[in-house]
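Please read the structure below before turning to the comments.
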Amino acid sequence: MGLESALGDSFLTTKLEDAINWCRKNSLFPMPMGISCCAIEMMAFAGPKFDVSRFGSEVFRFSPRQSDVMIVAGTTTYKMAHVVRKIYDQMPDPKWVIAMGACTSSGGMYRTYSVVQGIDQFIPVDVYVAGCPPRPDNLINALMTLQQKVQRGESRGSSTAIIGGHQSNEPHPLPVIAG
Amino acid sequence: MNDHVVQKLKSRFGEGTFEFHEFRGELTAVVPLDQIVEVCRFLKEDPDLHFDLLADLCGIDMYTPVKRFGVIYNLYSLKSKHRIRLKTFTEEEDPKVPTVSTVWSTANWHERETFDMFGIVFVGHPDLRRMYMPEDFEHYPLRKDFPLMGIPGSLPLPKK
């Protein structure tokens, strides 16, 4: 990878959590929870023009069991909320959530009986994205913000014992970090 | 064409049965509740009129003490490219309207939607279930006395 030529015969030391989190943040597999029009911008985010593969997140997984971050893109109704929650529950720990767009974050222009006024009423959200819909650049910015959180070992939804990181004071056994 | 439809309806159902309105060339007929199916079937099956497409069927809440709820039928004839609108009204207490899903089968889902939103019961409908709201929802959201933000606790969210 070129690291050998830079370092020669020497070596690097780091903490295991930092190394794992560094790996994690550069290969976040998104679960595309495209509910309405924000999903179009999410597709552009994944496509060649904005090219999220530069940030290691090009592998959109259509199975929650293979994803790390759920991008909730669109108006979430009360009826759909149960579906979103069910998919979130099927994602393995550690997991993160990006609330994309005004509707998802706050109900947006749909101030009405059928729309949940912000998905944080039923799932923990790590990053909110403003916009109606947000531009793909904005979603990339959200992903980069999330990468910083991942590197710090933070997740609203997963327990710190599972993801490791600096915020936990308790020592945690090695297999749990890796899992 | 509107005059022709009016004449046809009058000669078939009698002079004073309908109340006709015309606005910018659009003909509206207010039909007595008990004759709505008969009128619809006549408009569809008469070879001259041939209103074969039910373009839309929707409800309305007038929020008046009498004849509070209405059902509106927008008909279209693919043959003559003509349109007509029918209206019929029912009372607030026990709102019931006979189904026209026996005339146009597309009315099946339209009537389910109207039932879901206004609570108007379509008598004789083959499968009158809610369309949009959860099956155990107890209210009718498009009624005028339903609050904009809904009734707290009526739509459960998943546990956090």
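Structural remarks
- Buried solvent-accessible surface, both chains (A, B), 1.4 Å probe, Å² to nearest 100: 1400 Å²
- A Cβ-based charge dipole, computed about the Cα centre of chain A with Lys and Arg at +1 and Asp and Glu at -1, lands at about 600 debye.
- Taken over the range B:2-107, the percentage of Cα pairs per 5 Å bin, counting from 0 up to the bin with the maximum distance, is 2, 12, 24, 26, 20, 11, 4, 1, 0.
- The range A:1-95, relative contact order [Cα under 8 Å, separation at least 6], %: 31 percent
- Accessible surface for the range B:2-107, divided over its residues, is 52 Å² per residue with a 1.4 Å probe.
- With only Cα atoms counted, the range A:5-155 has Rg and Dmax values of 16.5, 65 Å.
- Measuring nothing but how far apart in sequence close Cα pairs (under 8 Å, 6+ apart) lie, relative to its length, chain B scores a relative contact order of 17 percent.
- Part-to-part distance (alpha-carbon centres) for the range B:109-145 and the range B:25-58, which is given in Å: 22 Å
- Of A:88, A:113, A:128, the residue with the greatest mean-square motion in the GNM of chain A, using alpha carbon springs below 10 Å, is A:113.
- Linear extension gain, residue A:135 paired with residue A:22, 0.36 nm per residue minus alpha-carbon span: 38.0 nm
- Euclidean distance between Cα centres, the range A:73-146 to the range A:12-45, Å: 15 Å
- Amide N proximity, the range A:84-111 versus residue A:15 label position 7 Å along Cα-to-Cβ, cut-off under 20 Å: A:94-95
- Applying 1/(1 + (r/R0)^6) with R0 = 51 Å to the Cβ-Cβ distance of residue B:64 and residue B:159 gives a FRET efficiency near 0.75.
- Förster-model FRET efficiency, 51 Å R0, residue B:28 and residue A:36, C-beta, rounded to 0.05: 0.90
- The fraction of all Cα pairs in the range B:78-145 landing in successive 5 Å bins from 0 to the largest distance is 4, 15, 24, 24, 17, 9, 5, 2, 1, given as whole percents.
- Cross-link pairs A:49/A:86; A:25/A:86; B:79/B:144; B:8/B:144; A:79/B:144 - those with Cα-Cα distance over 30 Å: A:49/A:86; B:79/B:144; B:8/B:144
- Within the listed set B:135, B:91, B:111, the Gaussian network model of chain B (springs between alpha-carbon atoms below 10 Å) gives the highest mean-square fluctuation for B:135.
- Comparing mean-square fluctuations of B:92, B:113, B:26 from a GNM of chain B with C-alpha springs under 10 Å, the top value falls on B:26.
- Applying 1/(1 + (r/R0)^6) with r as the Cβ-Cβ distance of residue A:90 and residue B:1 and R0 = 45 angstrom yields a FRET efficiency of 0.15.
- Label point distance in nm, residue B:45-residue A:117, each placed 7 Å from Cα along Cα→Cβ: 5.3 nm
- From the C-alpha gyration tensor of the protein assembly as shown, square roots of 5λ in Å: 60, 21, 15
- Residues whose placed amide H lies under 5 Å from that of residue A:34, excluding near-sequence neighbours: A:73
The values are calculated or read from the model by the stated rules, or taken from the named source; none is laboratory data. Since we're looking at a predicted model, the values are computed, not measured. Here Cβ is always computed from backbone atoms with ideal geometry, including for glycine, and neighbour counts include all displayed protein chains. Note: areas computed on protein heavy atoms with side chains; ligands, DNA, RNA excluded. Shrake-Rupley method; radii C 1.70, N 1.55, O 1.52, S 1.80 Å.
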